[in-house]
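**Student:** Got a structure for you, written out below as structure tokens; questions coming shortly.
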Amino acid sequence: MSYAVKEMFLTLQGEGVQAGRRAVFLRFAGCNLWTGREQDREKAICQFCDTDFVGTDGLGGGKFADAAALADAALGFWGDRADGRYIVLTGGEPMLQIDDALVDALHERGFTIAIESNGTLPAHPKIDWICISPKAGSDVVQRFGHELKLVWPQPGMGHSLADVDGMADWAFDHHLIQPLDDAHAQDNVRAAIALVMDRPQWRLTVQAHKYLGLR
């Protein structure tokens with residue numbers, strides 16, 4: 001199988017429980033909830049995405065002929081250090097492309113593998129850290145893992161508080177609320193804080209990489 005990658009780079013994880021951890025970010029091209037094209041945004045299931053995942057023209061991006069080639073490229077971004085190798089597979093929707101061959105190739109090179117997914121496709125069972133970010137209007141089938149990260153509030157017919165309470169029972173080790181970063185960012189921060197104050201089984205997370213000027 002070949003792989004279409006929008007971009008790949010070395011940075012610090014900016015969100016969630018693993019925030020601050022050195023990581024290779026591998027962003028796959030393509031998503032099943034939005035084409036990534038502005039003319040399609042209003043009709044998409046997910047309308048608030050702030051990520052460019054169209055094409056393969058980003059830093060470190062390209063089309064990789066096989067899993068070994070992609071895993072070797074990721075290892076090149078990590079550098080010479082043999083310890084602590086950590087990679088975040090994201091998108092778009094990474095589970096459209098992740099397969100046995102890629103997971104095995106990354107593990108063979110010593111990587112701990114994390115995924116950031118919308119949860120509409122089952123996560124590969126050998127992934128080491130599963131982060132799911134549900135989008136209102138989608139059918140989330142991956143309801144267990146390590147980290148549930150809910151963007152709040154979602155525009156339009158977004159998740160209700162009853163939906164949030166239902167998600168609190170999903171089998172994740174950590175339940176996180178992340179303020180939506182849009183034109184109403186400050187109001188969204190206040191709404192996210194209020195939710196966590198009222199529902200302490202949830203924790204607040206922010207996009208620290210944006211504050212730090214990281215990719």
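Just so it is clear, none of the values below were taken in a lab; they were calculated from the coordinates. Fair warning: this is a prediction, and the values are worked out from it, not measured in the lab. Note: ideal-geometry Cβ built from the backbone for every residue, glycine included; neighbour counts use all protein chains shown.
**Student:** Considering region 113-134 alone, what residues qualify as being out of contact with any helix residue (DSSP H, G or I) (no Cβ under 9 Å at 6 or more places or on another chain) and hydroxyl-bearing (Ser, Thr, Tyr)?
**Tutor:** Within region 113-134, just 133 meets the criteria.
**Student:** Filter region 50-85 down to the residues that are over 13 Å from residue 22 (Cα atoms), assigned to a loop (DSSP other than H, G, I, E, B) and within 20 Å of the chain's Cα centre (by Cα) and list them by number.
**Tutor:** 50, 51, 52, 53, 54, 55, 56, 57, 58, 59, 60, 61 - these are the residues of region 50-85 that are over 13 Å from residue 22 (Cα atoms), assigned to a loop (DSSP other than H, G, I, E, B) and within 20 Å of the chain's Cα centre (by Cα).
**Student:** Out of region 2-37, which residues are loosely packed, with under 15 Cβ neighbours inside 10 Å, in a loop (DSSP other than H, G, I, E, B) and on the phi < 0 side of the Ramachandran plot?
**Tutor:** Of everything in region 2-37, those that are loosely packed, with under 15 Cβ neighbours inside 10 Å, in a loop (DSSP other than H, G, I, E, B) and on the phi < 0 side of the Ramachandran plot turn out to be 2, 19, 37.
**Student:** I've got another one for you. May I ask you to list the residues in region 38-93 that are among the acidic types (Asp, Glu) and either under 13 Å from residue 9 (Cβ atoms) or surrounded by fewer than 18 Cβ atoms within 10 Å (Cβ to Cβ) (or both)?
**Tutor:** If the condition is that a residue be among the acidic types (Asp, Glu) and either under 13 Å from residue 9 (Cβ atoms) or surrounded by fewer than 18 Cβ atoms within 10 Å (Cβ to Cβ) (or both), then 38, 40, 42, 50, 52, 57, 66, 72, 80, 83 are the ones that fit.
**Student:** Within region 185-204, take every residue that is out of contact with any helix residue (DSSP H, G or I) (no Cβ under 9 Å at 6 or more places or on another chain) and either outside any helix (DSSP H, G or I) or of a type in the set (Val, Ile, Thr) (or both) and give me the one that is surrounded by the fewest Cβ atoms within 10 Å (Cβ to Cβ).
**Tutor:** Step by step, filter region 185-204, then rank; the result is 200.
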